[in-house]
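The values are calculated or read from the model by the stated rules, or taken from the named source; none is laboratory data. Since the structure is predicted, the reported quantities are computational estimates derived from the model, not experimental observations. Positions of Cβ are generated from backbone atoms using ideal geometry, with glycine treated the same way; all protein chains shown enter the neighbour counts. What goes into the accessible areas is simple: the full protein's heavy atoms, side chains included, and nothing from ligands, DNA or RNA. Shrake-Rupley method; radii C 1.70, N 1.55, O 1.52, S 1.80 Å.
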2 protein chains.
Amino acid sequence: VEKACRIKAIIEYDGSRYKGFQIQPHEPTVQGSLERGLEAIAGRHIRVSGAGRTDTGVHARGQVAHFDICWRHPISVLARAWNAKLPDDIAVRDLEAVDDDFHARFSASSREYRYTLYRGGVASPLCARNAHHVRRPVNVTAMAEAARFLCGEHDFAAFGRPPHGENTVRVVYRAVFRQSGDMIWFDIKGNAFLRRMVRLIMGTLVAVGQARLTPQGFREILLSKEINHPMATVSPGGLCLMRVNYARR
Amino acid sequence: VEKACRIKAIIEYDGSRYKGFQIQPHEPTVQGSLERGLEAIAGRHIRVSGAGRTDTGVHARGQVAHFDICWRHPISVLARAWNAKLPDDIAVRDLEAVDDDFHARFSASSREYRYTLYRGGVASPLCARNAHHVRRPVNVTAMAEAARFLCGEHDFAAFGRPPHGENTVRVVYRAVFRQSGDMIWFDIKGNAFLRRMVRLIMGTLVAVGQARLTPQGFREILLSKEINHPMATVSPGGLCLMRVNYARR
């Protein structure tokens with residue numbers, strides 16, 4: 001009997017036309033496309049497990065997934081074959097053989113997300129897929145000041161619920177803003193994130209940027225652990241899973 | 001009788017789903033969408049004249065067009081009304097009342113285009129719409145060296161034909177490369193461009209970058225004035241009309 005080998009994959013995708021990463025019957029999903037591609041190569045169904053379940057319309061530059069496959073050829077041949085079976089909006093960026101106990105989700109030590117804002121009086125057609133448009137001026141300094149309150153270990157219940165009723169305590173290592181011209185980028189790194197957490201945070205930070213909320217008010221929302229607060233809705237297309245990190249083993 | 005006023009418009013678009021700027025029967029075009037939008041506001045057909053006829057799939061951040069309209073309200077109201085009638089992939093960025101003798105194409109003193117390359121072993125889904133993918137390594141220094149030969153007044157017959165059998169002499173003011181990570185940008189500014197000129201130049205520069213042609217060989221192609229030379233085909237999505245300049249009047 002041939003022994004299956006565990007593979008770690010780094011995946012990039014434009015999430016625009018997918019109902020998120022996680023497989024769902026009768027819906028286009030990234031996981032569904034990945035598994036169909038592998039099945040075409042392996043001749044049987046292979047389960048692909050992702051590090052994070054990105055929502056409908058959310059992109060990824062560095063999603064990580066693992067799977068088990070019997071493969072005798074160089075791993076670069078598998079990468080090429082798989083990419084040839086994938087639609088243009090999904091690409092396998094890297095494959096690596098890993099230990100049997102590697103798990104894309106449970107072995108991950110931290111995740112990095114980027115949220116992109118475009119500010120301008122008129123929406124930008126060339127940024128529409130990858131940035132959220134804010135029409136009114138935003139004060140990036142105020143947003144950055146509020147974002148600093150996110151750093152450290154907190155109960156983030158105000159910014160999302162966990163998938164299975166687990167606790168809502170997470171650690172944020174970094175939450176910084178950068179801007180150039182009309183573009184604003186928010187980079188956040190944490191040990192893990194609640195569902196919709198980055199977008200809920202971003203929507204509330206936009207309220208700070210537009211002076212509808214003070215940085216102190218933002219902090220009070222965080223400390224309240226209550227999800228019932230007014231905030232802007234920000235589009236999924238502005239969000240991108242940049243990277244998943246694993247402790248060196 | 002109300003007097004019509006001439007308006008200069010700055011237009012941004014994602015050209016992915018259009019058969020170019022210029023109107024064509026039964027085909028989606030940017031000009032067609034712009035004119036339909038204006039007609040919905042003015043109640044009659046208004047001709048919109050563009051500065052440059054971008055090809056199928058080519059984008060613009062700063063296309064310029066002019067038209068004549070009878071309009072009693074502030075011009076900002078016209079911009080808002082027009083944007084409300086346009087699809088999401090076209091936006092009017094600015095409107096300005098100009099002299100009657102302003103002509104988007106004939107009054108233009110120079111045009112600026114940007115061509116974007118993405119280099120990597122695997123195509124990038126998140127860059128697919130706005131960059132051309134080069135799989136093999138490219139030497140940006142060699143491309144920049146070749147691009148310098150473009151500057152000045154030359155007969156550019158090797159890189160395209162004029163629309164109506166006019167002469168093929170054009171002036172290039174600037175042709176520079178910039179890179180960051182896996183992205184490479186080529187910015188070219190000229191008094192005017194032949195049809196497909198930027199893409200034909202870019203395809204030939206990619207041959208230089210991949211050592212299939214030397215910078216001197218590039219220069220010889222330019223001097224040959226012959227369009228029959230081997231070159232890479234580069235995608236229209238990598239090209240963007242950034243800006244059209246007009247002499248101050």
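Whenever a residue of the stretch A:155-177 is closer than 15 Å to A:Leu200 by Cβ and in a loop (DSSP other than H, G, I, E, B), its partners that are open to solvent by 30 Å² or more (accessible area, probe 1.4 Å) and of a type in the set (Asp, Glu), lying with C-beta atoms within less than 9 angstrom and at least six residues away or across chains, give the pairs A:Thr168/A:Asp155. Among the residues of the stretch A:80-123, just one is closer than 24 Å to B:Ala131 by Cβ, surrounded by fewer than 15 Cβ atoms within 10 Å (Cβ to Cβ) and either within 19 Å of the chain's Cα centre (by Cα) or small (Gly, Ala, Ser) (or both), namely A:Ala84.
Given the options B:Gly62, B:Gly43, B:Gly52, name the one that is open to solvent by 10 Å² or more (accessible area, probe 1.4 Å) and within 17 Å of the chain's Cα centre (by Cα).
Working: B:Gly62 fails: open to solvent by 10 Å² or more (accessible area, probe 1.4 Å); B:Gly43 fails: within 17 Å of the chain's Cα centre (by Cα).
Testing whether each residue is open to solvent by 10 Å² or more (accessible area, probe 1.4 Å) and within 17 Å of the chain's Cα centre (by Cα) leaves just B:Gly52.
Considering every residue within the stretch A:210-227, establish whether at least one is basic (Lys, Arg), out of contact with any helix residue (DSSP H, G or I) (no Cβ under 8 Å at 6 or more places or on another chain) and assigned to a loop (DSSP other than H, G, I, E, B). Scanning the stretch A:210-227, I find at least one residue that is basic (Lys, Arg), out of contact with any helix residue (DSSP H, G or I) (no Cβ under 8 Å at 6 or more places or on another chain) and assigned to a loop (DSSP other than H, G, I, E, B), so the answer is yes.
Every listed requirement among (1) within 14 Å of another protein chain (Cβ to nearest Cβ); (2) open to solvent by less than 30 Å² (accessible area, probe 1.4 Å); (3) within 19 Å of B:Arg111 (Cβ to Cβ) is met by B:Gly37 save one, (3).
Scanning the stretch A:79-112 for residues that are of a type in the set (A, V, I, L, M), within 13 Å of chain B (Cβ to nearest Cβ) and not in a strand (DSSP E or B) returns A:Ala79, A:Ala81, A:Ala84, A:Leu86.
Scan the stretch B:13-27 for residues that are of a type outside the set (Val, Ile, Thr) and more than 14 Å from chain A (Cβ to nearest Cβ) and jot them down. Reasoning before the result, please.
Of the stretch B:13-27, the ones of a type outside the set (Val, Ile, Thr) are B:13-22, B:24-27.
Result: B:Lys19, B:Gly20, B:Gln22, B:Gln24, B:Pro25, B:His26, B:Glu27.
Taken together, the residues in the stretch A:55-73 that are outside any strand (DSSP E or B) and more than 14 Å from chain B (Cβ to nearest Cβ) amount to 6. One residue alone among A:Asp89, A:Asp14, A:Asp55, A:Asp94 is at pLDDT below 95, touching a helix residue (DSSP H, G or I) at 6+ places or on another chain (Cβ under 8 Å) and among the acidic types (Asp, Glu), and that residue is A:Asp55. A:Arg129 meets all of the listed conditions (1) in contact with a helix residue (DSSP H, G or I) (Cβ under 6 Å, 6 or more places away or on another chain); (2) farther than 20 Å from A:Gln179 by Cα; (3) open to solvent by 40 Å² or more (accessible area, probe 1.4 Å) but one, namely (2).
Could you run through the stretch B:115-148 and say how many residues are not small (Gly, Ala, Ser) and not in a loop (DSSP other than H, G, I, E, B)?
Of all residues in the stretch B:115-148, those not small (Gly, Ala, Ser) come to B:115-119, B:122, B:125-127, B:129-130, B:132-141, B:143, B:145, B:148.
Okay, now just the ones that are also not in a loop (DSSP other than H, G, I, E, B), so B:115-119, B:125-127, B:132-134, B:140-141, B:143, B:145, B:148.
So the answer is 16.
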